[in-house]
1. Can you compute 3J(HN,Hα) from phi for each residue in region 80-92, using the Karplus curve 6.51 cos²θ - 1.76 cosθ + 1.60 with θ = phi - 60°, rounded to whole Hz and x for Gly and Pro?
2. So, counting K/R as plus one and D/E as minus one, what does the shell of residues with Cβ under 14 Å around H39 add up to?
3. Considering only V99, V206, V333, give the residue with the highest GNM mean-square fluctuation for the chain, with springs between Cα atoms whenever their separation is below 10 Å.
4. Give the Debye-formula value of log10 I(q)/I(0) at each listed q (0.09, 0.14, 0.18 Å⁻¹), with one equal scatterer per alpha carbon of region 131-347, two decimals each.
5. For region 113-124, in order, what is each residue's ³J(HN,Hα) by Karplus, 6.51 cos²θ - 1.76 cosθ + 1.60 with θ = phi - 60°, in whole Hz (x at glycine and Pro)?
6. Just checking my list (1) 134; (2) 190; (3) 152 against volume of the Cα convex hull per residue in Å³ computed from this structure; which label fits?
7. Under 4.7 Å Cβ to Cβ, no partner at all: give me those cysteines from the chain, in residue order.
8. So how do L363, L10, L138 line up by other beta-carbon neighbours within 10 Å, fewest first?
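The numbers here are math on the coordinates, done by the rules we state, and not lab data. Not measured: the values here are computed from a predicted model. Cβ: placed from backbone, ideal geometry, glycine included. Neighbour counts: every protein chain shown.
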Amino acid sequence: MYKNDQRVVLTLDAGGTNFVFSAIRGYEEIVPAFSLPSHADHLDECLQTIRDGFTSVLKSLQTMGLQAIAISFAFPGPADFRRGIIMDLNNMPAFRGGVPLKDYLEDIFHLPVFINNDADLFAYGECIAGALPQTNALLAEKGCSKQFNNLIGFTFGTGFGCGITSNKELYIGDNSSAGEIIMMRHKHKRDIIVEEGVSIRAIKRVYHEHCQDERDLTPYDIFRIGKGELEGDKTAALKAFEEFGEVAGDGIAQAITLLDGLIVLGGGLCGGKELFMPALLNELNGNDIYDLDGRRKDRLRMKVFNLDDEAGLEAFCASKTKQIPVPGSQRFVEYDPVKRLGIVFSKLGTSKATSIGAYAFALHELDKKQ
């Protein structure tokens, strides 16, 4: 949509430890990304970091003879993203009580400022430049008539994020709270949020619950143990990723029941897909629920296919159509009773998708005002 656009937007990927700054033009970084410590415990120092970061990017643009038309960036929630007010964040205590960051930055830089949830921008980037167009092109190449207009992105990392696009537009919600999947219930522990089962800390916790290994291990360490590449309890490691996949699949199934669109997964923990994807797909395509008459029901109305897997892609594209008669006539119509959804991994990389989403969102909002 904006791939060849020559306008420049300043971007920031805000995390609890570091802030990563850059500038985007036409989906490409024209100022190499660099990071500064966030100082997330101290508001004055945190705001100084943001000022310094954007000032540095603007100076780089000046040496190139370029000007920015907007600032657009990702920030973790909760927040009133429409108004650019950052609210109480666990990993950024400096913002407790609410900080109108959009107004603050507009006063300093005299540019329109757009702030969104990082998972929202990830989904938007994949929608306009990554998973959605690439998947539709692949299906067309395979001779499959199915095309997707909606995409729901999920991020696996420090937390469990979700972003929603509908008809290739980012859906934020009336309270800037659409896609807050972390507030769903954990499948097995109904009194805690699902994020406690779908996050870095969840992988570590479940591993240690099933073995006596007292080392401080990363999810990558536990993945390597599960693969037999590192010493440790392989059974516990496999259990950690299996439970991760099951709980993530349950959360995704609940979301996709309402939203119905191409599923794209991103985030650092996707590196463990080999160990968690079987459980995740089994959850999405399972039939372990019942109605009150005891009849077993499928978890979803749709069947979900892994389109990054050749066998899954072929099964998705395989024709299931049949001819059914039109009552009172001699005519027949083609009917396919199988509703299909695809699931894929990020085609851009999570960080790039988020940056492109921020860039495109700013241009889209500016164009709507013209």
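1. With the stated coefficients, region 80-92 comes to 8, 5, 4, 9, x, 9, 8, 10, 5, 10, 4, 9, 9 Hz.
2. -3
3. The residue that fluctuates most here is V333.
4. Taken in order of the listed q values, log10 I(q)/I(0) reads -0.42, -0.92, -1.31.
5. Couplings: 10, 10, 10, 9, 5, 5, 5, 4, 5, 4, 5, 5 Hz.
6. (2)
7. That list is C46, C127, C162, C211, C270.
8. Lowest to highest Cβ neighbour count: L138, L363, L10.
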